[in-house]
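Inspection log for the structure reproduced underneath, given as structure tokens.
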Amino acid sequence: CLDQEGKLREFGSQWKTDDCNDCFSSRGGIQCCSSYATPAGYDNEKCESIFNKETCSYKVVEKDNHSKECPVHSWVG
């Protein structure tokens, strides 16, 4: 199979894309899904979520002070 970037992938192979998706190749094609959870339940007025592509994860911090993390009550993944 050829992946989205045109790289040849063997059937049964697994890999992580540059945009943090986990992919699997089979005779039926290639399937990919996100490898991270997205924060959903936090104070949007006071806080913001920041995505780190190196760790494939979100951090929720205060907009005025990024050194202070905000509590997150739910995640979507």
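The values are calculated or read from the model by the stated rules, or taken from the named source; none is laboratory data. Fair warning: this is a prediction, and the values are worked out from it, not measured in the lab. All Cβ positions, glycine included, derive from the backbone under ideal geometry; neighbour counts span all protein chains shown.
Just to verify a result, which residue in region 18-77, among those that are in a loop (DSSP other than H, G, I, E, B) and among the acidic types (Asp, Glu), is nearest to the chain's Cα centre (by Cα)? I'd like the intermediate steps shown before the answer.
The first filter runs over region 18-77 and keeps only residues in a loop (DSSP other than H, G, I, E, B), leaving 18-20, 27-28, 35-37, 40-46, 53-56, 63-68, 70-74, 77.
Subset that is among the acidic types (Asp, Glu): 18-19, 43, 45, 54, 64.
Details: Asp18: 10, Asp19: 7, Asp43: 21, Glu45: 23, Glu54: 10, Asp64: 25 Å.
If we take residues in region 18-77 being in a loop (DSSP other than H, G, I, E, B) and among the acidic types (Asp, Glu), then Asp19 is nearest to the chain's Cα centre (by Cα).
Pull out all pairs, ordered by first then second residue, where Cβ-Cβ is under 8 Å, the residues are six or more apart or on different chains, the first lies in region 50-64 and is not assigned by the TED database to the domain that holds Thr17, and the second is of a type in the set (Lys, Arg).
So the pair list comes out as Ile50/Lys59; Asn52/Lys59; Cys56/Lys16; Val61/Lys68; Glu62/Lys46; Glu62/Lys68; Lys63/Lys46.
Check Gly12 against each of (1) surrounded by 14 or more Cβ atoms within 10 Å (Cβ to Cβ); (2) assigned to a loop (DSSP other than H, G, I, E, B) and name the one condition it does not meet.
(1)
Identify, from the list Cys70, Cys23, Cys32, the residue that is touching a residue at least 12 places away in the same chain (Cβ under 8 Å), of a type outside the set (Lys, Arg) and more than 20 Å from Cys1 (Cα to Cα).
It is Cys70.
How many residues, within region 15-50, are touching a strand residue (DSSP E or B) at 6+ places or on another chain (Cβ under 7 Å) and under 23 Å from Val72 (Cα atoms)?
Matching residues across region 15-50 total 16.
Going through region 24-72 one residue at a time, which ones are over 27 Å from Ser13 (Cβ atoms), of a type in the set (A, V, I, L, M) and surrounded by 15 or more Cβ atoms within 10 Å (Cβ to Cβ)?
First, the residues of region 24-72 that are over 27 Å from Ser13 (Cβ atoms): 39-50, 58-72.
From what's left, of a type in the set (A, V, I, L, M): 40, 50, 60-61, 72.
Within region 24-72, Val60, Val61, Val72 qualify.
Select, from Cys47, Cys20, the only residue that is among the hydrophobic types (A, V, I, L, M, F, W, C) and modelled with pLDDT under 95.
So the residue among Cys47, Cys20 that is among the hydrophobic types (A, V, I, L, M, F, W, C) and modelled with pLDDT under 95 is Cys20.
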